[in-house]
Amino acid sequence: MNKTALGIIVGAALLPFLHRKRGGANMYNISGLEFWGESEIKLRNEFVKDMVDRVHTEIKPIKMTEVDAPILTPNGKVSKTYKKKETFTTSDKLTLRPQIAPGTYAMATKIIQSGRKPPFAIWQHGKVFHKDSSSKRKNMKLKEMYQLTFQIFYTEDHPKISSTNLIKAVKDEIQDFVGRCRVSDAQFFSHSKWTKTIERSANGMALATISERHDFNTKHNKNAVTVLEISICTDRIVYNHQKWKGKR
């Protein structure tokens with residue numbers, strides 16, 4: 001059999017997985033590692049664009065900037081919320097980031113030290129990693145997943161962002177993709193003053209969290225800087241969109 005024929009056979013075998021109606025495909029047969037097809041990637045990118053536009057509209061005139069920080073993060077920059085057994089680390093004191101915050105915090109520190117005054121917002125969309133032995137596809141507890149994070153930095157001498165309006169805006173946008181959702185109080189995190197979770201009503205799956213964080217240590221003119229964070233698992237958005245669409 002020549003290489004062309006073999007390629008056609010392999011491609012045909014993969015098509016049902018890459019274009020399946022619901023969720024991704026686990027072709028490594030290892031829990032928590034998902035493959036996503038072209039239509040799912042397109043949907044994820046569409047959601048990111050729409051959510052960025054929605055958040056930007058909600059917080060105007062605050063300037064919002066996109067950054068792309070390294071996935072590998074110095075161990076000392078990883079939140080102590082995560083235990084070592086929950087993260088993937090290398091031999092040279094680096095960790096595959098369990099959340100996007102460290103890179104955003106590093107960029108925000110540079111912005112403030114350059115003389116720029118808060119408020120401002122930074123957003124990223126990239127992969128995060130969790131070492132979870134209980135990873136199950138039906139709960140979308142993945143070892144590797146895409147996360148969309150917005151962090152709004154402001155000081156107490158500026159009008160506070162309306163967290164109530166922002167939570168509603170984020171929930172409304174998510175509902176456009178997955179159907180009815182609800183907002184609930186999340187478990188306590190040591191790095192936050194409060195946290196709300198947006199869950200899909202049909203299955204209770206957590207899709208996003210909104211929190212007020214107090215672990216950003218850089219100050220502006222000796223004033224503490226508060227961080228309002230929106231964190232969304234976009235893989236779960238894609239997965240639940242497919243389930244919702246299949247039931248309509």
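The values are calculated or read from the model by the stated rules, or taken from the named source; none is laboratory data. Everything numeric here is computed off the predicted structure, so don't read it as measured data. Backbone-built Cβ (ideal geometry, glycine too); neighbour counts: all protein chains shown.
Among the residues of the stretch 202-248, write down those that are under 15 Å from Cys181 (Cα atoms), of a type in the set (S, T, N, Q) and part of a loop (DSSP other than H, G, I, E, B). Scanning the stretch 202-248 gives a single hit, Asn203.
Quick grid of which residues meet (1) over 21 Å from Ile237 (Cα atoms); (2) modelled with pLDDT of 95 or more:
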site	(1), (2)
Asn45	no, yes
Val48	no, yes
Met51	no, yes
Ile59	yes, no
Ala69	yes, yes
Val78	yes, no
Ser91	yes, no
Gln99	no, no
Lys110	yes, yes
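When residues in the stretch 66-118 are screened for being in a loop (DSSP other than H, G, I, E, B), under 13 Å from Phe216 (Cβ atoms) and not polar (S, T, N, Q), 1 of them pass.
Going by what's in this entry, would Glu199 be described as assigned to a strand (DSSP E or B), closer than 26 Å to Asn45 by Cα and touching a residue at least 40 places away in the same chain (Cβ under 8 Å)? No; evaluated as a whole, the condition is false for this residue.
Considering (1) surrounded by 20 or more Cβ atoms within 10 Å (Cβ to Cβ); (2) hydrophobic (A, V, I, L, M, F, W, C); (3) over 22 Å from the mean Cα position of the chain (by Cα), the lone condition that Phe216 does not fulfil carries the number (3). Would you be able to tell me the number of residues in the stretch 162-198 that are charged (D, E, K, R) and closer than 22 Å to Thr81 by Cα? The qualifying residues number 3.
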